[in-house]
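Scroll down for the structure; my scribbles are underneath it.
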Amino acid sequence: MALPTINPTQTNAWKKLQDHYNEINGLHMKDLFAQDSERANKYTITWDDFYVDFSKNRITEDTFTYLLELANDVKLKEAIESQFSGEKINQTEGRAVLHSALRAPESAVVHVDGENVIPEVFSVKRKIETFTNEVVDGSRKGYTGKAFTHVVNIGIGGSDLGPAMVVDSLQFYKNHLTTYFVSNVDGDHVNEIIKKLDPETTLFVIVSKTFTTQETLSNANTIKDWFLKSASEEDIAKHFVAVSTNLEAVQSFGIDPNNIFPMWDWVGGRFSLWSAVGLSISLAVGYDNYASLLTGANKMDDHFKNEDFSTNIPVVLGLLSIWYNNFFDAESEVIIPYSQYLNQFATYLQQGIMESNGKCVDRKGNAIDYQTGTLIWGEPGTNSQHAFFQLIHQGTKLIPADFIGFTKSLYGNQDHQDKLISNFLAQTEALLNGKTEEQVIDEGAKASIVPFKIFEGNKPTNTIFIDKLTPESLGKLIAMYEHKIFVQGVIWNIYSYDQFGVELGKQLASKILKEFGGGITNAHDASTSNLLAHYKSKR
Ligand code: F6P
């Protein structure tokens with residue numbers, strides 16, 4: 001069954017939200033808090049080790065009711081069911097969307113084309129486990145008999161961002177292996193990594209769902225050439241493994257068929273860290289931690305599937321985002337983790353969110369006349385407070401923010417943790433309340449300076465407070481955003497799981513590349529022609 005093709009703007013709920021927006025647009029959240037002593041409790045979801053406070057949003061009871069009605073009007077419940085049961089909801093590519101199956105328990109049954117995929121998923125997991133254990137305990141050795149000390153993940157996009165973010169986020173749980181990620185086709189990237197490596201003790205994991213990606217194959221070939229300066233062809237089998245759906249291409253690269261970790265076309269690149277694409281994660285933190293990451297995601301899957309929408313974290317976050325994007329014309333959302341470990345989290349989510357929901361055609365193929373995908377950005381607090389928070393507090397744009405924090409730090413330095421969390425709490429309080437002219441005057445500001453010191457407040461934030469950063473809680477957090485992406489895609493009536501928008505640039509790049517060596521054979525606009533000629537004269 002296909003996803004429904006309901007234009008959200010034609011639903012009753014959308015019309016109610018439109019009228020309602022005009023009524024409540026001028027309300028200040030601090031008045032809403034003053035009027036309702038229960039507001040914070042009413043709009044907080046506690047689930048497992050998650051405490052999600054969404055009370056600091058520009059919503060009333062009516063707003064929340066209408067947003068939930070919108071979810072029903074677009075048949076979100078049915079869409080969730082379709083996704084989890086393996087229907088081919090990625091219709092433009094004719095594929096199921098089943099990253100959830102990768103973290104389901106072994107007892108689960110998920111059919112694709114009439115076949116239960118879970119046994120296959122678990123057979124690959126066992127392969128990951130055995131391989132990980134052998135590399136970590138040193139029993140798997142390189143071509144000179146030495147144990148591995150370094151792992152290099154070669155991939156880009158979903159074959160890089162997820163594993164790189166998770167390995168960085170879970171560095172507290174890391175073992176002795178040093179892990180690097182090579183992604184950019186910029187040769188300086190790969191060379192900077194190569195100079196830190198010893199070919200005798202380095203394991204290379206080439207990750208490419210298609211095994212046709214220019215960046216990944218170029219980097220893999222450069223590394224192979226470098227490796228072969230000290231080793232021989234048959235040593236490749238000991239040092240190179242691959243994760244891919246394209247088994248033929250992997251073998252013709254020279255990789256031993258035993259060293260291939262398969263994946264499936266029903267796993268989208270940007271949702272693939274739960275598959276063998278996460279091999280580098282397993283190698284870096286050990287298989288048990290990798291399995292806990294998947295357990296966490298599975299718990300969030302169950303929550304998303306079964307929880308009533310009013311207390312369903314991804315659903316609520318998705319609806320709030322629609323509220324700002326489509327009614328307040330907010331163009332971007334900022335994600336601020338109060339944990340240095342989550343340094344790469346927003347970068348990772350940029351692909352998940354923007355590659356999925358950056359679409360301008362609806363599920364019937366018609367041009368859309370409402371806003372879809374939000375711009376995603378962010379950096380950890382407190383650093384970002386000293387960088388771009390000025391604009392969030394006093395700029396002219398409305399930027400809804402997700403604040404993510406952990407009640408416990410991993411090293412247990414309470415002095416630092418209290419300072420960190422005081423900032424975490426203070427920022428959302430400041431964004432809510434702002435500072436009035438009266439308050440500024442009371443503080444003794446000079447009259448001429450008063451206008452510059454006023455904070456309007458009324459800036460929406462979600463606070464996602466989690467007990468501790470563990471593999472399991474990180475799994476939950478990532479899955480929470482994955483499901484939010486799905487909720488929004490369903491509401492916007494778009495296909496979230498294709499990415500045709502990345503193709504045009506790739507095609508043109510391959511044409512231009514040929515022109516560097518020979519003559520200019522393609523018709524270009526005047527600007528591109530000049531730039532090409534400039535490069536050719538200087539390269
Ligand atoms: O950028 C487009 C894209 O197809 C992403 O969706 C994907 O994650 C990335 O390229 C890498 O693709 P592959 O794993 O096939 O090398």
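Summary of computed values
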read-out	value
Residues within segment 328-357 that are open to solvent by 10 Å² or more (accessible area, probe 1.4 Å), away from the ligand (no atom under 16 Å from the Cβ) and assigned to a helix (DSSP H, G or I), tallied	2
Flag for Val185 being within 28 Å of Leu469 (Cβ to Cβ), under 24 Å from the mean Cα position of the chain (by Cα) and either more than 15 Å from the ligand (Cβ to nearest atom) or not assigned by TED's automatic domain parsing to the domain that holds Gln344 (or both)	no
Residues of segment 139-160 satisfying the condition of being open to solvent by 10 Å² or more (accessible area, probe 1.4 Å), farther than 12 Å from Ser280 by Cβ and either of a type in the set (A, V, I, L, M) or more than 8 Å from the ligand (Cβ to nearest atom) (or both)	Ser139, Arg140, Lys141, Tyr143, Thr144, Gly145, Lys146, Ala147, Thr149, Ile156
Considering residues of segment 384-412 that are open to solvent by 50 Å² or more (accessible area, probe 1.4 Å) and of a type in the set (Val, Ile, Thr) only, the residue nearest to Thr428 (Cα to Cα)	Thr407
Some residue of segment 438-458 being closer than 27 Å to Gly26 by Cα and in contact with a Phe, Trp or Tyr (Cβ under 8 Å, 6 or more places away or on another chain)	no
Some residue of segment 91-100 being part of a helix (DSSP H, G or I), more than 16 Å from the ligand (Cβ to nearest atom) and crowded, with 18+ Cβ neighbours inside 10 Å	yes
Residue within segment 196-215 that is aliphatic (A, V, I, L, M), open to solvent by 30 Å² or more (accessible area, probe 1.4 Å) and on the phi < 0 side of the Ramachandran plot present	no
Verdict on Val316 being more than 16 Å from the ligand (Cβ to nearest atom), touching a residue at least 60 places away in the same chain (Cβ under 8 Å), part of a helix (DSSP H, G or I) and buried (at least 24 other Cβ atoms within 10 Å of the Cβ)	yes
Residue count for segment 498-534, restricted to those that are assigned to a helix (DSSP H, G or I), within 16 Å of the ligand (Cβ to nearest atom) and not hydrophobic (A, V, I, L, M, F, W, C)	6
Residue selected from segment 263-275 under the condition within 13 Å of the ligand (Cβ to nearest atom) and more than 17 Å from the chain's Cα centre (by Cα), by the criterion surrounded by the most Cβ atoms within 10 Å (Cβ to Cβ)	Met263
Residue in segment 220-232 that is within 14 Å of the ligand (Cβ to nearest atom), open to solvent by less than 10 Å² (accessible area, probe 1.4 Å), closer than 23 Å to Ala284 by Cα and assigned to a helix (DSSP H, G or I) present	yes
Hits in segment 188-219 - residues which are among the polar types (S, T, N, Q) and away from the ligand (no atom under 12 Å from the Cβ)	Asn191, Thr201, Thr202
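The values are calculated or read from the model by the stated rules, or taken from the named source; none is laboratory data. Just so it is clear, the model here is predicted, and its values are computed rather than measured. Note: ideal-geometry Cβ built from the backbone for every residue, glycine included; neighbour counts use all protein chains shown. The protein model used for the area step is the full one, side chains on, heavy atoms only, and it has no ligands, DNA or RNA in it. Shrake-Rupley method; radii C 1.70, N 1.55, O 1.52, S 1.80 Å.
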